[in-house]
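Q: I'd like to ask you about the structure that follows.
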Amino acid sequence: MRKSSVILTALCVSVFVVGTSEYLIAGLLPQVAGDLGVSVGAAGQTVTAYGLGVVVGGPVVTLLTARMPRKGLALSLMLLFAVGSAVSAFAGSYEVLLLGRVLSSFSHAAFFALSLVVASKVVPAEKVGRATAAVVSGLTVATLLGVPLGALLGERTNWRTPFVVLTVLTLLGTALLAAVLPRQAAESAGARAEIRVMAQRPVLLAIATTAVGFAGVATVFTYVAPLLTEVTGFAAFVVSVLLLAYGAGSFLGNIIAGRLTDRAPAATLRGVFAALALLLACTPFAVTWKPTAVLAVLLLGLLATATIAPLQGLILRHAQEAPTLAVSVNVGAFQLATAMGSAVGGVIVAAGALRWTGLAGAVLSALGLVISVYALPRKSGAAKDGASEAATSPTPTTV
C-alpha cells in the first residue's frame with residue numbers, strides 16, 4: 001500500500017506539471033505579443049492550439065503507442081512534453097512558439113489518460129475512485145497554484161522564465177517516474193482493440209456525458225469574473241479571492257467525489273450532475289446578492305471537479321479490456337466541453353444577458369444527467385454498483 005501511495009504521488013506531481021502548462025501562457029499574453037511582434041489576439045491562439053492538440057493529438061498518440069510498455073510510454077510522453085516546453089521557452093518566432101505548444105499538447109491527453117489507467121492498476125478495486133481523484137488533484141492544484149504562480153514569475157522576469165522552470169520540473173518528474181513506476185506491459189492487443197472498445201455504446205455514452213454535462217460548468221465559469229463584477233458588484237480584487245476559493249473548493253470536491261465513487265459510482269455521477277444543474281439554474285438569482293453569490297461560487301467549485309472521478313470511473317468500468325484510448329478521448333471531451341460551454345456563454349453574453357448564463361449551463365448539465373442514465377442504468381443500485389465494480393475491475397498490479 002505504501003508503494004502504491006508513492007506511485008500515486010509521483011503521478012500526481014507529473015500531472016501537476018503537465019496541467020500547469022495548459023493555461024500558463026494565458027496570463028502572459030501581453031508579454032508574448034510584445035516580444036514576438038504579434039497581436040494579443042494572435043498570442044491567444046497559442047491556447048487554442050494547445051487545446052486542439054489535446055483533443056486531436058491525444059487519441060492519435062494513444063493509438064500509435066498502444067503496444068508500448070506503460071512505463072516506457074509514460075517516460076517518453078514526459079520527455080516529449082519537456083521538449084515542447086523547451087521549444088516554447090526559447091522560441092524566436094511566433095511560429096516556433098506554436099510548434100512548442102502543440103508538441104507539449106500531444107503528450108497532455110495521452111499522459112493524463114495513462115496516469116489514470118496506471119493508478120487504477122496499483123490499488124485494490126474498491127479504491128480506484130480515490131486513486132483517480134489523487135491523480136486529478138494534480139490538475140486542480142495546477143489551476144489553484146501552478147498557473148497563477150507561473151504568471152507571477154513571468155511578470156516579475158519575462159514570459160520565457162516559467163517555461164524554463166516548467167522544462168526543469170518536467171525532467172525532475174520524469175526522473176521520479178523512472179524511479180517509482182512499476183514495469184507494465186501494454187494494456188491491449190493494439191490499436192484495433194482500443195478502437196473496438198471505445199466504439200462500444202456505453203463508452204460513447206460516457207464520453208458524451210462528459211462533453212455535454214461538463215459544458216454547463218464552462219458556460220458559467222468562463223464569464224464568472226464579469227458576472228461577479230457587473231451583476232453582483234464585487235470589486236476586482238474580491239473576485240480574485242473568490243476564484244482562489246473556487247480553486248480550493250475544486251480540490252476538496254475532487255477528493256470527496258473520489259471516495260464517493262468507490263462506494264456508489266452511479267449514484268455519485270447522477271447526484272453530482274443533478275446538484276450541478278440545480279445550482280446553475282439558481283445562479284442567475286444568487287448573483288444578485290453578495291452572500292448568495294459567494295455561496296454559489298464555492299458550491300460551483302465543489303461540484304465542477306466532482307464530475308471528473310465518477311466520469312473517468314465510468315469510462316474505466318466500461319472499457320476495461322483496453323481503456324487507454326477511451327480515457328484519452330474522454331480527456332479531450334473535457335476540452336470540447338469547455339469550448340462548447342464558452343461558445344454558448346459567449347452568445348448569451350453578446351446578447352446582453354450575462355446574468356442568465358446559468359440557465360443555459362443548467363440545461364447542458366441536465367442533458368448530461370439524462371445521457372448518464374443510458375450510460376449506466378439506474379437499476380444498478382449503490383450496493384449492486386459497488387459489487388459489480390469489484391467483480392469486474394482488473395486485478396491490481398503487484399508493485
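Where a number appears in this text, it was derived from the coordinates with a stated rule and is not lab data. The structure presented is a predicted model; accordingly, all values stated were derived computationally and were not measured. Positions of Cβ are generated from backbone atoms using ideal geometry, with glycine treated the same way; all protein chains shown enter the neighbour counts.
Q: Out of the trypsin sites (Lys or Arg not before Pro) in segment 179-259, which ones are loop residues according to DSSP with at most 13 other C-beta atoms within 10 Å?
A: On the way: sites: 183, 192, 196, 259; in loops: 183.
Passing sites in segment 179-259 are 183.
Q: From the Cα gyration tensor of segment 286-364, with a ≥ b ≥ c the square roots of its eigenvalues, which class applies: rounded if a/c is under 1.5, or else prolate if a/b is larger than b/c, or else oblate?
A: Numbers: a/c = 4.10, a/b = 1.86, b/c = 2.20.
Oblate shape, in that a/c is at least 1.5 and b/c is the bigger or equal ratio.
Q: When the C-alpha atoms of segment 95-167 are aligned to their principal axes, what extent does each axis show, in angstrom, from largest down?
A: Projected onto its principal axes, the Cα set of segment 95-167 covers 47, 25, 14 Å.
Q: Expressed as a rounded percentage, what relative contact order does the chain have, with Cα pairs under 8 Å and six or more residues apart?
A: 26
Q: Just want the answer: with Cβ charges of +1 for Lys and Arg and -1 for Asp and Glu, which residue in 220, 264, 315 is farthest toward the dipole's positive end in segment 194-392?
A: 264
Q: What is the magnitude of the charge dipole of segment 2-187 about its Cα centre, with +1 placed on the Cβ of each Lys and Arg, -1 on the Cβ of each Asp and Glu, and no other charges, expressed in debye to the nearest 20? Kindly include the intermediate steps, with their values, before the conclusion.
A: Details: 12 positive and 6 negative charges, 154 e Å.
So the magnitude is around 740 debye.
Q: Let me ask another. Report the charge-dipole magnitude of the chain in Debye, nearest 20, computed about the Cα centre from +1 at each Lys and Arg Cβ and -1 at each Asp and Glu Cβ. Don't skip to the answer; put the middle values down first.
A: Values: 24 positive and 12 negative charges, 202 e Å.
In debye, rounded to 20, the chain gives about 960.
Q: Hey, with R₀ at 45 Å, roughly what FRET efficiency would residue 5 and residue 230 work out to, going by the Cβ-Cβ distance, to 0.05?
A: Values: r = 46 Å, r/R0 = 1.01.
FRET efficiency, residue 5 to residue 230: 0.50.
Q: Please state, as a whole number in µm²/s, the translational diffusion coefficient that the Stokes-Einstein equation yields for segment 2-187 at 4 °C and 1.567 mPa s, with Rh defined as the Kirkwood radius across alpha carbon pairs. Write down the numbers at each step before the final one.
A: Numbers: Rh = 16.6 Å.
For these conditions, the coefficient is 78 µm²/s.
Q: Based on C-alpha coordinates, I'd like the Rg and Dmax of segment 187-250, in Å.
A: Radius of gyration, then largest Cα-Cα span, for segment 187-250: 19.4, 57 Å.
Q: With the dipole of the chain worked out from charges on the C-beta (+1 for Lys and Arg, -1 for Asp and Glu) around the Cα centre, which of 122, 282, 104 lies farthest toward the positive end?
A: 122
Q: Among 29, 165, 60, flag the residue with its Cα farthest along the positive direction of the charge dipole of the chain, charges on Cβ as +1 for Lys/Arg and -1 for Asp/Glu.
A: 60
Q: For segment 2-187, what does the relative contact order come out to in percent, with C-alpha contacts under 8 Å and a separation of six or more?
A: Working: 264 pairs, mean separation 74.2, N = 186.
Taking the mean separation of contacting Cα pairs over the length of segment 2-187, I get 40 percent.
Q: Another question, if that's okay. For segment 194-392, what size does the Cα cloud have along each of its three principal axes, sorted from largest down, in whole Å?
A: Reported extents, whole Å, longest axis first: 52, 29, 25.
Q: Give the order of 159, 356 when sorted by the count of other beta carbons within 10 angstrom, beginning with the fewest. Before the final figure, lay out each step's value.
A: Details: 159 27, 356 15.
Least to most surrounded, the residues fall as 356, 159.
Q: So, one more: Rounded to the nearest 500, what is the chain's calculated 222 nm mean residue ellipticity when only DSSP H runs of at least 4 contribute -39500 (n - 2.57) each, over all residues? Walk me through the numbers before you get to the answer.
A: Details: 19 runs with 305 residues, N = 399.
After summing the helix terms and dividing by the residues of the chain, the value is -25500 deg cm²/dmol.
Q: OK, next. At a Förster distance of 22 Å, what's the computed FRET efficiency of residue 238 paired with residue 353, Cβ-Cβ distance as r, to 0.05? Intermediate results must be reported in sequence, preceding the final value.
A: Values: r = 23 Å, r/R0 = 1.06.
Efficiency at R0 = 22 Å is approximately 0.40.
Q: Let me ask another. So if each residue of separation counts as 0.36 nm, and I subtract the Cα-Cα distance between residue 192 and residue 95, what length gain in nm does that give?
A: On the way: separation 97, 0.36 × 97 = 34.92 nm, distance 3.49 nm.
Net length gain for the segment: 31.4 nm.
Q: Given charges of +1 on the Cβ of Lys and Arg and -1 on the Cβ of Asp and Glu, with all other atoms neutral, how large is the dipole of segment 194-392 about its Cα centre, in debye to the nearest 20? If you can, show how the numbers build up before the last one.
A: On the way: 11 positive and 6 negative charges, 75 e Å.
The calculated dipole for segment 194-392 is roughly 360 debye.
Q: For a paramagnetic label modelled at 7 Å from the Cα of residue 199 toward its Cβ, which residues of segment 314-338 fall within the zone defined by backbone nitrogen distances under 19 Å?
A: Label zone hits: 318-330.
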